[in-house]
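As structure tokens, the structure follows; a few thoughts come after it.
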Amino acid sequence: MNTMTSDLIGYTAASCTTISFLPQVIKALRDRDTQSLSLGMYFIFTAGACLWCVYGYLRHEPVIVIANSITASFCLLILIVKMRNDVFRRQVK
């Protein structure tokens, strides 16, 4: 497989996996309903996306760095809203 084809596949895959978080981010920010989301899952996933960024940087692979930077940002937004909502829910009880 030539480099151009593999790059196209990589960018397409990165776009799909990154964009897949956008509906959840929009819903969490709009509705402020994060009760059913797992705090642990988003914490681990965000850490994993950050580690993928480091890996991509070390391997000089911009597609890995860019896609996972965006994904980590989306997940971090959800994580912040989730933690804020959980703290607020505990204070109300």
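The values are calculated or read from the model by the stated rules, or taken from the named source; none is laboratory data. Because the structure is predicted, anything quoted here is derived from the model rather than measured. Note: ideal-geometry Cβ built from the backbone for every residue, glycine included; neighbour counts use all protein chains shown. Keep in mind that these areas ignore ligands, DNA and RNA; they rest on the heavy atoms of the full protein, side chains included. Shrake-Rupley method; radii C 1.70, N 1.55, O 1.52, S 1.80 Å.
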Item to check | Members of the stretch 20-57 found to be under 13 Å from Asn68 (Cβ atoms), β-branched (Val, Ile, Thr) and free of Cβ contacts under 8 Å to residues at least 24 places away in the same chain, listed by number | outcome: Val54
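So, restricting to helices (runs of 4 or more DSSP H) that lie completely within the stretch 1-58, which ones have at least 3 residues that are open to solvent by 90 Å² or more (accessible area, probe 1.4 Å) and either farther than 15 Å from Val81 by Cα or not hydrophobic (A, V, I, L, M, F, W, C) (or both)? Please lay out each step first, then the result.
Values: elements: 3-19, 22-31, 39-58.
Qualifying helices (runs of 4 or more DSSP H): 3-19, 39-58.
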Item to check | Which numbered condition Ile66 misses (of (1) open to solvent by 90 Å² or more (accessible area, probe 1.4 Å); (2) without any contact (Cβ under 8 Å) to a residue 24 or more places away in the chain) | outcome: (2)
